[in-house]
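Notes follow the structure.
The values are calculated or read from the model by the stated rules, or taken from the named source; none is laboratory data. Given the structure is predicted, the values throughout are model-derived calculations rather than measurements. For neighbour counting, all protein chains shown are included, and Cβ atoms are generated from backbone atoms with ideal geometry for every residue, glycine included. Just the protein is used for accessible areas: all its heavy atoms, side chains included, with ligands, DNA and RNA removed. Shrake-Rupley method; radii C 1.70, N 1.55, O 1.52, S 1.80 Å.
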Amino acid sequence: SISVHEIEKTVQIQIEDDGRGLPEGSDLAGSESTGSAIIAALVKQIDADLTVENNGGLNVNIVFQKSDASGSSNALF
């Protein structure tokens, strides 16, 4: 599941699945896969906090400050 929540002046994106999760000892932030590289680049670009939990599936949380900027790239938040 994917959910997006606005909490005061922050935005939280939560991505969860109930699969096997990451292999033991894996580090999503340190992985060299294409998906991990995209996540790392986006998290850096929006100055977000990234947390990854591997408990009964994979749970990824991205939290960032809501921006007052205008333009099409900021239309959702």
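What is the number of the single condition among (1) out of contact with any Phe, Trp or Tyr (no Cβ under 8 Å at 6 or more places or on another chain); (2) modelled with pLDDT under 90 that K44 does not meet?
Against the list (1) out of contact with any Phe, Trp or Tyr (no Cβ under 8 Å at 6 or more places or on another chain); (2) modelled with pLDDT under 90, K44 comes up short only on (2).
Checking N55 against (1) of a type outside the set (F, W, Y); (2) open to solvent by 80 Å² or more (accessible area, probe 1.4 Å); (3) at pLDDT 90 or above, which single condition isn't satisfied?
Evaluating N55 over (1) of a type outside the set (F, W, Y); (2) open to solvent by 80 Å² or more (accessible area, probe 1.4 Å); (3) at pLDDT 90 or above leaves (3) as the failure.
Looking at the range 20-38, is at least one residue open to solvent by less than 70 Å² (accessible area, probe 1.4 Å) and at pLDDT 85 or above?
no
Search the range 1-24 for residues that are under 18 Å from N55 (Cβ atoms) and pair each with any residue that is outside any strand (DSSP E or B) and open to solvent by less than 40 Å² (accessible area, probe 1.4 Å) when their beta-carbon atoms are under 9 Å apart and the residues are at least 6 apart or on different chains.
E16/G57; D17/G57; D18/G57; G19/G57; R20/G57; G21/G57; L22/L28
Tell me which residues, restricted to the range 1-27, are of a type in the set (S, T, Y) and outside any strand (DSSP E or B).
Matches in the range 1-27: S1, S26.
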